[in-house]
1. State the number of residues belonging to segment 358-376 that are within 16 Å of the ligand (Cβ to nearest atom) and over 12 Å from residue 331 (Cβ atoms).
2. Being more than 23 Å from the chain's Cα centre (by Cα) and on the phi > 0 side of the Ramachandran plot is true for just one of 176, 159, 198, 191. Which residue is that?
3. Please go through (1) within 13 Å of the ligand (Cβ to nearest atom); (2) in contact with a Phe, Trp or Tyr (Cβ under 7 Å, 6 or more places away or on another chain); (3) in the same structural domain as residue 24 (by TED's automatic domain parsing) for residue 439 and return the number of the only condition it doesn't satisfy.
4. If you go through segment 286-329, how many residues are more than 16 Å from the ligand (Cβ to nearest atom), over 28 Å from residue 372 (Cβ atoms) and either in a loop (DSSP other than H, G, I, E, B) or not assigned by TED's automatic domain parsing to the domain that holds residue 61 (or both)?
5. Answer yes if at least one residue in segment 413-426 is without any contact (Cβ under 8 Å) to a residue 40 or more places away in the chain and in a loop (DSSP other than H, G, I, E, B), and no otherwise.
6. Please verify whether residue 34 is over 18 Å from residue 351 (Cβ atoms), more than 10 Å from the ligand (Cβ to nearest atom) and surrounded by 22 or more Cβ atoms within 10 Å (Cβ to Cβ), treating the condition exactly as stated.
7. Report every pair of residues separated by at least 6 positions or lying on different chains whose Cβ atoms are under 6 Å apart, first residue within segment 440-466 and at pLDDT below 95, second of a type in the set (A, V, I, L, M) and more than 11 Å from the ligand (Cβ to nearest atom).
8. Give the number of residues within segment 264-280 that are closer than 18 Å to residue 50 by Cβ, without any contact (Cβ under 8 Å) to a residue 40 or more places away in the chain and not hydroxyl-bearing (Ser, Thr, Tyr).
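The values are calculated or read from the model by the stated rules, or taken from the named source; none is laboratory data. Just so we're clear, the structure is a prediction, and the values are computed from it rather than from any experiment. Cβ sites come from the backbone with ideal geometry, for glycine too, and all protein chains shown count toward neighbours.
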Amino acid sequence: MNQSIDLSKLMVNVSDTRKPFVIVGGGIAGVYAALLLQDLCPHQKIIIIEQSASLGGLLGSRQFHGHWFDYGTHVPRETGLAHIDELLFSYMQEKGFSSFRNSNAANISKDNCLYTRSPNPFLATPSNTSISLQLDEIKKSNQHGEFENLDAQLRQVYGDSLTEDFFAPCMKKRFGARLNELAPNSHQLVGLSRLILGNADLMETLKKQPSYDKVLAFADQTMGMSKLNHYYPLDGDGVGKWIDGLVDSLDETNVSIFCQANVTGVSVENEQIESISFVDHTGYKQTIDCEQLFWCGPVFPLLKLSKSSYKPSYRPTIRQTYLYHFAFEQPPIIESNYVNVNDPKFSSFRITLYSNLCNTPTDTHRITVEVIADKSVDSIPDCESIYQELIQMRIIEQDNPLKFAVNDTVTAGFPVLTVGFMQETKKQSSVALAHMTNLSLLGKANGKSFFMHDVLVNAHDQICALVE
Ligand SMILES: Cc1cc2nc3c(=O)[nH]c(=O)nc-3n(C[C@H](O)[C@H](O)[C@H](O)COP(=O)(O)OP(=O)(O)OC[C@H]3O[C@@H](n4cnc5c(N)ncnc54)[C@H](O)[C@@H]3O)c2cc1C
């Protein structure tokens, strides 16, 4: 249930003489920060500086041959916090978005076994003969404590069998790294927290016991389902339509947006950010005063721009997301909205089926397949091999006519979440916050949150604490 809060208590009076709030990075963290600040401080000037051509970051859509395909995150979901949901989702019902509680997702996690009742890894395939050993190891496990790395955590929590047989190859596919290199909890960021090891009755019975509840999932996603709504546009648009609507609700008189703009300097005096310099899309250099900086991108560039002497001791490995967009004449075989592909035999890692998501009649059935690989790898799969994977996984029929296929790449790579990377990110964040007292670090890049829900709640908490 949404919590109810009195917005008037959060309002502050800000005189017009205050310097502007500056937001750098216009992903969902930056857009939400602008909406919240506009709501809490209605007279305050707000400036958004974004390096790319439009706002939205990983929440965006691109058109190919007249059809929309998403770029990163596909399906926004309510957070359950009334203040956030009101600002982000209240307009969606009237603007042609469908809303649904059941994510209606599937997974392929082992032996090319397509399981359409849950996004959680289904490992109860006929070849899994070690279920009693796996359950025994979980029962004896220790689910609490500090862990040195992901390998240590998984062995303690899920036991050796699942760690070696399932997690090791699956995490290698996602991150290209061994479990003992990865940071604790990084499996959760790729949706691998809860597993399905047996049939519906067994899972329901086991989940009544605390030792199993945290690591096992119900066999059917309609059981224990959250009351929060997901949203998606009905009429063939992509998720970018959501961001466009949010940007339209920013008040132009107080909020200025600079896209294709590069920050060139952050001037700091006595641990206070005084001004921000940037070059706008025309090449014109501007310097603006800054009351508070909300930095929503990676932290190291900010340290350099603010002339901090900090030298990083760890260089991250960057993974790239490659997108394969397909348009078919006939609908897919399955009715799922998306499929998580954990099975290491396939390069695909997530498949989004837009005609199921939109649920409106169409003569073009769009599918996006995401593939994650090291930036340095030369052998990225081509469209033909990903198309063949869709047939092998029984997502589409072999004789379903293909209208077109295109490749795209998510420009911003993402770092492999190793122990060293997480420590380095934490260090950089604390150095930046100590060096600049009127700085807020928001968004996924500061290492505190990754999923949109957590990014939004973190931004909300920081901003409310600041302006209250
Ligand atoms: C491939 C992929 C798929 C994902 N799928 C999901 C999902 O399904 N569900 C989910 O909850 N989460 C998902 N995530 C996590 C998702 O990234 C977050 O939920 C959310 O998008 C983070 O928002 P953000 O604003 O922090 O970052 P971003 O969306 O990355 O936005 C950051 C913005 O800041 C800009 N920027 C950065 N540095 C600067 C600078 N120096 N100057 C100016 N502008 C700058 C960038 O251009 C970008 O627009 C996914 C992530 C990836 C990588």
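1. In the first step, residues of segment 358-376 are kept if they are within 16 Å of the ligand (Cβ to nearest atom); the result is 367-375.
Filter again for over 12 Å from residue 331 (Cβ atoms), leaving 368-375.
Count: 8.
2. Working: 176 fails: more than 23 Å from the chain's Cα centre (by Cα); 198 fails: on the phi > 0 side of the Ramachandran plot; 191 fails: more than 23 Å from the chain's Cα centre (by Cα).
Result of the check over 176, 159, 198, 191: 159.
3. (1)
4. Looking only at that region, the number is 5.
5. Going residue by residue through segment 413-426, those that are without any contact (Cβ under 8 Å) to a residue 40 or more places away in the chain are 426.
Right, trim to in a loop (DSSP other than H, G, I, E, B) and you get none.
No: zero hits.
6. On the way: over 18 Å from residue 351 (Cβ atoms): yes; more than 10 Å from the ligand (Cβ to nearest atom): yes; surrounded by 22 or more Cβ atoms within 10 Å (Cβ to Cβ): yes.
The answer is yes for residue 34.
7. From residues that are at pLDDT below 95, there are no pairs.
8. Of the residues in segment 264-280, the ones closer than 18 Å to residue 50 by Cβ are 264-266, 276-280.
If we keep only those that are without any contact (Cβ under 8 Å) to a residue 40 or more places away in the chain as well, we get 277, 279-280.
Filter once more, so that each one left must be not hydroxyl-bearing (Ser, Thr, Tyr): 279-280.
The number of residues fulfilling the criteria is 2.
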